[in-house]
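See below for the structure under consideration.
Rule-based calculations on the coordinates, nothing more; no lab input. Owing to the predicted nature of the structure, the values given are computational and were not obtained by experimental measurement. Neighbour counts are summed over all protein chains in view; Cβ atoms, including those assigned to glycine, are modelled from backbone coordinates with ideal geometry.
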Amino acid sequence: MNDQAQGLRNLVQHQNEKSTRTTRIITVTSGKGGVGKSNFTLNFALSLQALGYKVIVFDADIGLANIDVLMGISSQHNLYHLLKKEKSIWEIIQKGSNGIEFIAGGSGFTDLVQLSDDEMNYFVEQVTQLHGYADYIIFDTGAGLSKETLNFILAAEETIVVTTPEPTSITDAYAIIKMISSMGHPVNFKLVINRVTDAKEGKQTADKISLVAKQFLDLDIPSIGYLEDDQAVSKAVRKQIPFTIAFPNSIAAKSVRLIAENYVKGIKPSDAAGRSGIKGFLNKMLKLTK
């Protein structure tokens with residue numbers, strides 16, 4: 001009952017904001033695991049929030065959901081409870097570090113393609129309520145290209161690909177871009193290079209991927225920044241506190257804040273007019289899961 005009451009309060013509190021806000025949907029992915037994708041997603045979201053934007057992080061990493069673990073939180077509710085009509089969308093939204101709102105992952109995404117019509121209608125009706133609730137909803141997808149990850153990438157308005165300067169990571173990042181491009185769906189890709197030794201390596205890695213993508217796929221893939229390898233990140237993971245909070249003056253924290261600023265600066269005023277938001281995202285998801 002308390003959860004329902006809180007959900008109603010949240011809904012009423014944000015009614016005025018919803019009338020003027022158009023939600024932007026972002027997916028974050030990587031060609032392989034272990035490149036720091038989830039850690040980047042969480043701290044990127046916190047950096048956008050620090051710039052004054054309302055953000056929800058949606059943990060869509062099947063089997064390896066760990067956004068809550070990075071914040072030292074034990075999630076009581078996740079997507080599964082929504083899909084099985086046990087909870088409303090407002091009841092599964094939780095608050096983490098610095099009040100960042102997030103939806104925990106779990107087995108729910110695997111069940112998404114097996115929903116009955118009644119369950120799917122409930123899912124769509126519930127998630128549609130997020131339209132205009134936040135400026136950004138960021139989906140942290142699984143590494144590689146599972147069917148579920150592919151659907152999120154194709155339905156979202158843009159995808160940030162996280163990679164490192166390691167040759168295998170670069171190869172896998174390009175492979176996922178190439179595979180999605182070959183399907184004929186327009187996807188707006190952006191690059192983030194993690195764990196670089198210095199700015200030169202970050203630029204060289206991004207340029208290498210962008211050049212090959214332009215030459216062989218005719219895609220323009222800009223980089224929105226890089227993060228230097230920083231011991232503060234691993235220390236923060238052990239503390240289960242996001243590194244932008246645990247070590248706000250660290251190189252990594254400064255880097256991810258700059259990435260957030262670069263991202264926002266790169267959004268053109270005309271983008272808002274063509275933005276389909278959560279409703280467009282759900283319509284695409286429904287078509288892809290049929």
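Using a cutoff of 8 angstrom between alpha carbon atoms and counting only pairs six or more residues apart, the relative contact order for the chain works out to 25 percent.
Need one number: % antiparallel among DSSP beta bridges in the range 21-289, to the nearest 5.
On the way: 3 of 29 bridges.
Around 10 percent antiparallel, to the nearest 5.
By counting other Cβ atoms within 10 Å of each Cβ, how are ILE103, ILE221 ranked from fewest to most? Please report the intermediate quantities before stating the final value.
Details: ILE103 27, ILE221 23.
By the 10 Å Cβ count, ascending, the order reads ILE221, ILE103.
For SER223, nonlocal amide neighbours, meaning residues 5 or more places apart or on other chains whose placed amide H falls under 5 Å from its own, are LEU191.
Cross-link partners for LYS200 among the lysines, with Cα-Cα distance under 18 Å and sequence neighbours closer than 8 places in the same chain left out: LYS208, LYS254. Its DSSP H runs of at least 4 residues, each contributing -39,500 (n - 2.57), put the calculated 222 nm mean residue ellipticity of the chain at -14500 deg cm²/dmol, to the nearest 500. The length gained on full extension between ASN66 and MET179, counted as 0.36 nm times the residue separation minus their Cα-Cα distance, comes to 38.1 nm. Every Cα-Cα pair of the chain was included, and the share exceeding 26 Å stands at 41 percent.
Separation of the alpha carbons by more than 25 angstrom is noted, of LYS54/LYS265; LYS37/LYS235; LYS37/LYS287; LYS84/LYS147; LYS84/LYS287; LYS32/LYS203, for LYS37/LYS287. As a proxy for reagent exposure, ranking ASP220, ASP172, ASP59 by other Cβ atoms within 10 Å from fewest up yields ASP220, ASP172, ASP59. Report note on the peptides 87-96, 233-242, 195-204: ranked by the mean count of other C-beta atoms within 10 Å, highest first, their order is 87-96, 233-242, 195-204.
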